[in-house]
1. From largest accessible area down, sort 79, 149; use a 1.4 Å probe on the protein chains.
2. Output the DSSP H helices from the chain with an along-axis C-alpha extent of no less than 30 Å and a mean Kyte-Doolittle hydropathy no less than 1.6.
3. Between residue 41 and residue 171, what is the label-point separation in nm under the 7 Å Cα-to-beta-carbon projection?
4. Can you give the relative contact order of the chain as a percent, counting alpha carbon pairs under 8 Å and 6+ residues apart?
5. Hull surface divided by four, with the convex hull built on the Cα atoms of region 38-128: how many nm²?
6. Mind jotting down the distance between the C-alpha centroids of region 182-219 and region 104-154, whole Å?
7. Sorting 84, 16 by accessible area (1.4 Å probe), largest first, what list results?
8. With labels modelled as points extended 7 Å from the Cα through the Cβ direction, what inter-label distance (nm, one decimal) is found for residue 152 paired with residue 110?
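The values are calculated or read from the model by the stated rules, or taken from the named source; none is laboratory data. Just so it is clear, the structure is predicted and the values come from calculations on it, not from any experiment. For neighbour counting, all protein chains shown are included, and Cβ atoms are generated from backbone atoms with ideal geometry for every residue, glycine included. With ligands, DNA and RNA removed, areas are computed over all heavy atoms of the protein, side chains included. Shrake-Rupley method; radii C 1.70, N 1.55, O 1.52, S 1.80 Å.
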Amino acid sequence: MELITLLIRLSLSFITLLLLTRIMGRKEISQMTFFNFVSAIALGTLGASLAIDSSISVRNGMIALVAWTLFTILMGYTDLKSKTIRLGVEGSPKIVVRNGKIMENELRKLRLDIDALNLLLRKKNVFSLKDVDYAIFETDGTLSVLKKDNKQPLTKEDQGVTSKAQKIYPISAPLIEDGQLNRKSLNEMNVDEGWLLQQVQAKGIQSVSDVFYAELQKDGSLFIDKRDDRLH
């Protein structure tokens with residue numbers, strides 16, 4: 001392929017992609033659902049093929065780009081008209097924390113482990129699962145978090161009520177994850193395994209394997225979530 005021809009194809013591909021993505025709207029970028037992700041990859045692949053694959057004519061490349069854009073726009077309008085199709089294409093939000101309880105079955109369906117959940121929570125400035133009332137995993141891969149009432153922006157501290165809890169540890173730490181002891185956290189926090197077992201049994205739980213998640217709080221208390229999604 002001659003240099004001049006390559007530059008022309010590159011310029012044409014770039015301009016066409018820019019125009020088509022503007023036509024499709026901002027949803028392709030701001031709300032990256034499964035369909036939007038596949039659509040963006042396919043559009044980029046078609047644009048790259050038009051730019052550098054000399055076996056594809058400029059006409060056919062342009063037709064492919066425009067046709068794929070029209071298909072994406074049509075699917076977008078169909079999503080607006082039919083909830084059934086929208087759920088089939090994009091899926092639905094999943095509640096991963098309900099009333100302060102971790103929905104471990106939902107985490108498994110989403111292939112989301114407790115470390116990934118904590119990472120998403122930290123991105124929302126939530127550093128302890130104990131502070132979470134509801135958490136919803138959205139279709140675009142983000143996490144929406146509703147904190148408990150006393151952790152909302154207008155806190156008891158804002159009203160002049162000071163906390164009497166003593167700060168023993170600098171940060172909360174997971175001690176049990178999915179029924180397994182987190183020995184790294186136990187060592188870092190200098191927590192005795194026997195003490196932990198006593199705390200678990202004091203909650204009416206006979207075995208560590210029955211605990212889905214246990215987190216040591218900064219005041220030395222223990223937040224425990226049983227391996228059970230059912231709310232009583």
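1. Most to least solvent-accessible, the answer reads 149, 79.
2. 3-24
3. Output for this residue pair reads 3.3 nm.
4. Relative contact order, the chain: 15 percent.
5. Mean shadow area of the hull around the Cα atoms is 9.2 nm².
6. Each part's Cα centre sits 21 Å from the other's.
7. So, going from the largest accessible area down, we get 84, 16.
8. Roughly 2.3 nm, to one decimal.
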